[in-house]
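Throughout, read-outs are computed from the coordinates displayed, never taken from laboratory work. Computed from a predicted structure; not experimentally measured. Glycine gets a Cβ as well: all are built from the backbone with ideal geometry, and neighbour counts include every protein chain shown.
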Amino acid sequence: MTTLIFVLLAGLAVGSAIALVVQRNPLYSAISLIGVFIALAGLYLTLAAPFLAAIQIIVYAGAIMVLVVFVIMLLNVEEEEHKPLRLGYLTAVAVLLAAVLFGEAGFILYFMGNSTLEPPDPNMAGNASNVGLTSSIGTGLFTNYLLPFEITSVLLLMAIVGAMTLARRVGLRPTDLVVPGSQVLPRHSIDPKAIGDATEVESSTTDEARQLLGLANAPRRRPEE
Amino acid sequence: MEWLTNNIGPEGLKAIGQFIGINIAFVVVLMIVAYTVLAERRILALIQGRLGPNRVGYGGVLQPFADLLKFIFKEDIVPDKSTKFVYFLAPFIAIVGALMTIIVYPFGPEINLPFVGVIKLVVAQFDVGLLYVLAITSIGVYGIALAGWSSNNKYSLMGGLRASAQLISYELSLGLALVGVVLLSGTLDLYQIVEQQSGYWWLGGVVPIPRWNIFPQVFGFVIYLISAIAETNRVPFDLPEAETELVAGFHTEYSALKFALFFMAEYVNMFTVSMLAATLFFGGWNFPWLDLVVAPGGVLFALLSVVAFLLKVLFFLFLYIWLRGTLPRFRFDQLMNFGWKFLLPAAILNVVLTATVVFVIIYFRA
């Protein structure tokens, strides 16, 4: 029974992974990747790690893949065209590496097939293991592995802060330089003569700009709350 | 019974029991959802000063069946340039994600039956039951996002993206609001959380107050309720399917039975969320002073407990419908502001305060 479930889940994982690589439409690839994660969560369950299975679905399939699907939908990523391969020698390298992979898999199967080790049956009375339970993971995270836990959370915080810093847009102020077709550059960061077609904004307050542009009598917008 | 046990084995028996349980739960949920649709139309009508559908059957009780027949016989329009596979997949993800969560909820206490032994009225008891509910809720986002995208319609895409953004934003405060309950109960297993709410606190030694989690976790409950209403895309958070703005949002291009699946998925989500609220905060199947009156462990107690649980769930469904008839809807930027800038810090504050109080109690008692 366990073997049947393992074969089903592993088949789903491998099949989804193959579909992920072979598909041309990027959204189908994303859905195949979600299938891979769900199959992996099932495999974690067969290894008596229910917490990890649930977290795999919540974090990977439920958050990271939603982000990937958003990006694909928003950026309207096109289907791949079939282009001829430019680096022809890569095919030979790929075949060689695939042969190595299958060789390793065969090696493991041969030695595992001949060994007398069996994975402990989690249903037997004396074999109840505490490793996968939520309470054990929580205890371990907050006692033995507290430093790696805190460092990992600081790492994630760094990633978020970095993303926010890179994505900030500088607001247009009256002494800024506007290079047509490019981003807004604050005055202190570039030399206008070097760029060539930087246009100076000639007014120094917003009211002067409104006068210059002829918007003096336009109705004012309500200030943002 | 012995013949069955000898031939099929205890595991097989348990599997058969779970299969029967799943079928019963499925039928009960679908019936309640069908009548929730009718109740919503009647109650909304009452709030708005008119009569709802009351022609089909006595007072309109056969209306859900009439609706089902209509959905089956409607013409199934598939937009021409849509991505067909994803277009067909999306309502299934929505409905499957909505229905998969009902197996972890405890409907009642243990019953001691003469032939079968002790059975718990829960289909599947995991020790990560709460995480399972959160995981399946996360998967349900895909139904909406993929539906919006695959319809090849800019209004559907906008509706789908807005709905997905709203869902993933409010999932955070939902999860954090539930952490308070987990801190108090010390377990993620829903059956045990309900069992732990079955005692009483004796006020002044005389008045028994039921040991429900709502009393220590009022703020957690309010945060949970707001997040849950946002998660199920209901008023006041239903901009993704606002009729006046986006035609019908992500399910604009869906007709007939696929639309019926989305519609049902929304109501099953409402039902699931109400069941979670009743289970985690209002004591599940514990009727307030029932076990001082009727003997626990018997069939009568179990029946009355199941009725109590369903009454609590129906109260929450009524609350949903009441809110729909009363409140205007949030604009999308107000919605996102509220979710990220107010609700998430409030949920974190709730976790910190609960953890502090629990720590102080454990530290000074032991």
Counting only residues 5 or more apart in sequence or on a different chain, those whose built amide H sits under 5 Å from that of B:GLY108 are B:LEU121
Protection proxy (average C-beta count within 10 Å per residue), highest first, orders A:95-107, A:40-52 as A:40-52, A:95-107
For A:LEU156 and A:VAL7, extending 7 Å from Cα along the Cα-Cβ vector and measuring point to point gives, in nm, a value of 3.9 nm
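Arrange the peptides B:135-147, A:25-37, B:222-234, B:60-72 so that the one whose residues have, on average, the most other Cβ atoms within 10 Å appears first. Display every interim value, and only then the final one.
Working: B:135-147: 25.7, A:25-37: 19.8, B:222-234: 23.2, B:60-72: 14.8.
Per-residue mean Cβ counts within 10 Å order the peptides as B:135-147, B:222-234, A:25-37, B:60-72.
My understanding is that a pair violates if its Cα-Cα distance is over 30 Å; which of B:LYS70/B:LYS154; B:LYS74/B:LYS154; B:LYS154/B:LYS258; B:LYS14/B:LYS70; A:LYS83/B:LYS84 do that in this structure?
Values: B:LYS70/B:LYS154 28 Å; B:LYS74/B:LYS154 25 Å; B:LYS154/B:LYS258 19 Å; B:LYS14/B:LYS70 39 Å; A:LYS83/B:LYS84 25 Å.
Where the Cα-Cα span goes over 30 Å, the pairs concerned are B:LYS14/B:LYS70.
Please work out the FRET efficiency for the pair B:ILE72 and B:LEU51, using the Cβ-Cβ distance as r and a Förster radius of 30 Å; give the result to the nearest 0.05.
Values: r = 26 Å, r/R0 = 0.88.
Once rounded, the FRET efficiency stands at 0.70.
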Computed over chain B, the relative contact order (Cα-Cα under 8 Å, seq sep at least six) in percent reads 23 percent
Ranked by GNM mean-square fluctuation in chain B (Cα springs under 10 Å), the top entry among B:VAL182, B:VAL299, B:VAL118 is B:VAL118
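I need the calculated FRET efficiency for the pair B:PHE342 and B:LYS14, taking r as the beta carbon distance and R₀ as 45 Å, to the nearest 0.05. Walk me through the numbers on the way to the answer.
Details: r = 46 Å, r/R0 = 1.02.
So the FRET efficiency works out to roughly 0.50.
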Applied in sequence order to segment A:82-90, the curve 6.51 cos²θ - 1.76 cosθ + 1.60 (Karplus, θ = phi - 60°) yields integer Hz couplings, x standing for Gly and Pro, of 8, 9, x, 6, 7, 9, x, 6, 5
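Using 1/(1 + (r/R0)^6) with R0 = 45 angstrom and r between the beta carbons of B:LYS81 and A:PHE102, what's the FRET efficiency to the nearest 0.05? Provide the component values of the computation, followed by the final result.
Working: r = 42 Å, r/R0 = 0.93.
That gives a FRET efficiency of 0.60.
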Per-residue average of other protein chain Cβ atoms inside 10 Å, peptide B:273-285 -> 0
Least to most buried among B:TYR132, B:TYR363, by other C-beta atoms within 10 Å and fewest first, runs B:TYR363, B:TYR132
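Using a 10 Å cut-off on Cβ to Cβ distances, tally the other chain neighbours for every residue of A:44-55 and report the average as a whole number. Provide the component values of the computation, followed by the final result.
Working: counts 0, 2, 0, 0, 0, 1, 7, 4, 1, 5, 12, 4.
Average per residue, whole number: 3.
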Tilt, helix B:2-47 to longest principal axis of chain B (alpha-carbon atoms), in degrees rounded to tens, equals 60 degrees
Partner shielding of B:127-139, as the mean number of partner chain Cβ atoms within 10 Å, equals 6
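Can you order the peptides B:37-49, A:80-92 by their average number of other Cβ atoms within 10 Å per residue, highest first?
Ranking, from highest mean packing down: B:37-49, A:80-92.
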Counting all Cα-Cα pairs in chain B, those more than 35 Å apart amount in percent to 30 percent
